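Reading through the structure tokens given below for one structure.
All of the numbers you see were taken from the coordinates with simple rules; none came from a lab. For clarity, every value in this text was computed on a predicted model and none was experimentally measured. All Cβ positions, glycine included, derive from the backbone under ideal geometry; neighbour counts span all protein chains shown.
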Amino acid sequence: MIPHCTTRKIKSDCPKSAPKFALMLKILSMIYKMVQNNTYATKRDIYYTDTLLFGNQSVVDNIINDISCMLKTPRRSLHILSTTKGCIAGNLSYTEEDGTKVNCTCSRTGKGVPDLNTRLLVRKLWDTFHIPIFTLMDADPHGSCLLDLYHTWLDSMSFEAHHLTVPAIRWLGLLPSDINRLNIPKEALIPLTKRDENKLASLQKRPYVPYQPIWKKEMEIMAASKMKAEIKALTYLSSDYLSRVYLPNKLQFGGWI
């Protein structure tokens with residue numbers, strides 16, 4: 001299947017191979033369920049089902065590659081994707097199989113740290129249509145920094161802040177308080193690094209924080225727990241928990257801050 005590939009042997013009765021064999025069986029079990037239910041997951045989703053067991057993302061990636069080679073089956077046929085989806089925006093619309101019409105003209109995602117154009121567009125949408133602006137990001141110091149960029153953005157170009165920020169932006173999730181509220185298990189969480197702790201401490205000193213007591217409380221929860229969680233941690237609850245439960249409930253019942 002792959003030219004010049006190497007051959008590896010994994011024995012269930014060999015102490016050295018036992019951990020690898022167990023992980024392979026676990027992922028094979030997940031693949032079987034996805035194929036049976038016609039659902040899909042990313043490699044990242046699989047890693048976050050048990051971060052402590054897998055150790056790191058590369059372990060999952062290597063096992064998936066081994067399974068693909070062993071079964072002589074492309075990864076997509078195993079119902080495993082590299083990323084959740086691509087991004088598209090522009091003068092384009094389409095209708096999905098269930099009849100849902102999607103207009104991409106007003107679709108926009110920052111995909112991590114937003115560039116100037118992204119922030120300009122978000123501000124323009126807010127000024128023009130007076131619509132609520134929500135942020136959905138990881139419950140970690142980096143996610144809080146992204147919220148800070150959209151809300152205040154104090155840096156060397158802060159003179160442009162009124163064109164690039166949305167003071168009324170709302171933090172939809174993932175909130176640090178959601179971790180306990182939703183009973184997200186510890187194996188789906190990641191300990192804060194020293195760099196994370198320093199970044200969080202710096203954020204808590206931002207001049208606007210005293211005027212956002214609920215945001216301040218969320219940062220304190222994160223600091224006290226010394227743990228962080230990516231949005232992908234929600235897949236531990238179910239593969240479609242984010243789209244079918246978390247976001248609908250947040251938007252319907254006002255679960256933003």
Low-density loop trypsin sites (Lys or Arg not before Pro), segment 151-257, at most 14 other Cβ within 10 Å, DSSP non-H/G/I/E/B, are Lys205, Lys226
Taking the alpha-carbon centre of each part, the distance from segment 54-82 to segment 120-144 in Å is 35
Stretched fully, the stretch from Asp50 through Ala201 gains (0.36 nm per residue minus C-alpha distance, one decimal, in nm) 51.5 nm
Per DSSP, the loop-located trypsin sites (Lys or Arg not before Pro) within segment 15-66 having at most 12 other beta carbons within 10 Å are Lys16
Each label sits 7 Å from Cα toward the beta-carbon; between Ala18 and Lys124 the label points are separated, in nm, by 6.2
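May I ask you to derive the relative contact order of segment 18-81, considering only C-alpha pairs under 8 Å and at least 6 residues apart, and to give it as an integer percent?
43
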Segment 18-81 -> Rg/Rh from Cα coords, Kirkwood Rh, value 0.92
